[in-house]
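Structure, as structure tokens:
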Amino acid sequence: MSFEKKLNKNAGKIIQIGCISCSNETNHEILSSVELEGSEPIEPNFDIWWSQESQILQCKGCDSITFRQISSNSEDTEFNGRPRKHEELFPNRSEGRDPMDDEHLLPSSLHRIYMETISALNNKQPVLAGIGIRAIIETVTKDKDAQGNNLKQKIDGLVDQGSLTEDGSKTLHKLRVLGNESAHEVKAHEPKELNLAFDVVDHLLKAVYIIPHHASQTFK
């Protein structure tokens, strides 16, 4: 086994990540970093390569401190052959995510899968969270009786019936692909992707269920 260590290679750089205090993406300065790269022989003429970088970041807005770790290895690759990078942030950004306001107004079957998906997200179960996001979208299409032979067509069916805008459908199709990758390829998406996807889910459910309910109660 051999490895190389690089200190503060990326110190001073500015990156954008979600801030634990500002509750949105902000500029963060890398105060210090340690990068480790190495390889380990598994059998003759075959080595496994790995890389891990640890960083201490400071938000340029509120000065809060975050620990960030990025890791990859030669055995975990994308379809194009490039190593898949995994990012972890401490404090964890998905930890303790609360349901949206008035989530109890959702239909019972939808409410159950919504709460289970939040639980998977908060308990660092990215594959289950991705599958849950897809299941939420599919449950909405069934509840609204959207027409189509598959989820892609049913999302378009929500547009045809006026429950969803054209731009909204494009975003949902991206979430559908994310869910498919989790379900069929057991792909673990990064917390940042899943949290953004769940922001979209909350927006969808508010538009389709929560706001219409309050409007019907207010404007009689």
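Could you check the range 1-105 for strands (runs of 3 or more DSSP E) lying wholly inside it with 3 or more residues that are of a type in the set (Asp, Glu)?
Numbers: elements: 2-7, 14-18, 25-43, 46-59, 65-73, 86-90.
By residue number, 25-43.
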Q: Collect the residues in the range 114-123 that are surrounded by fewer than 17 Cβ atoms within 10 Å (Cβ to Cβ) and not hydroxyl-bearing (Ser, Thr, Tyr), keeping them in residue-number order.
A: Met115, Glu116, Asn122, Asn123
Q: Answer yes or no as to whether Ala188 is of a type in the set (A, V, I, L, M, F, W, C), outside any helix (DSSP H, G or I), in contact with a Gly (Cβ under 9 Å, 6 or more places away or on another chain) and in contact (Cβ under 8 Å) with a residue 40 or more places away in the chain.
A: yes
Q: Give just the number: which of (1) closer than 26 Å to Asp143 by Cα; (2) within 14 Å of the chain's Cα centre (by Cα); (3) not assigned by TED's automatic domain parsing to the domain that holds Glu193 does Pro126 not satisfy?
A: (3)
**Q.** Subset of the range 1-56 (residues that are in contact (Cβ under 8 Å) with a residue 40 or more places away in the chain and touching a Gly at 6+ places or on another chain (Cβ under 6 Å))
**A.** Cys22
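Could you please let me know if Arg84 is under 20 Å from Lys187 (Cα atoms) and in contact with a strand residue (DSSP E or B) (Cβ under 7 Å, 6 or more places away or on another chain)? Let's see the steps before the verdict.
Working: under 20 Å from Lys187 (Cα atoms): yes; in contact with a strand residue (DSSP E or B) (Cβ under 7 Å, 6 or more places away or on another chain): yes.
Criteria met by Arg84.
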Q. Given the residues Glu53, Glu35, which is the only one that is closer than 29 Å to Glu4 by Cβ and more than 23 Å from the chain's Cα centre (by Cα)?
A. Glu35
Q | Subset tally (residues that are charged (D, E, K, R) and either surrounded by 15 or more Cβ atoms within 10 Å (Cβ to Cβ) or on the phi > 0 side of the Ramachandran plot (or both)) for the range 53-83 | A | 3
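Return the residues of the range 153-182 that are surrounded by fewer than 16 Cβ atoms within 10 Å (Cβ to Cβ) and under 23 Å from Gln125 (Cβ atoms); say none if nothing qualifies.
Step one: list which residues in the range 153-182 are surrounded by fewer than 16 Cβ atoms within 10 Å (Cβ to Cβ), which gives 153, 160-162, 165-167, 170, 173-174, 177.
Hits for the range 153-182 are Lys174, Val177.
The values are calculated or read from the model by the stated rules, or taken from the named source; none is laboratory data. In this text the structure is predicted, and so the values were computed from the model without any measurement. Positions of Cβ are backbone-derived with ideal geometry, glycine not excepted, and every protein chain shown enters the neighbour counts.
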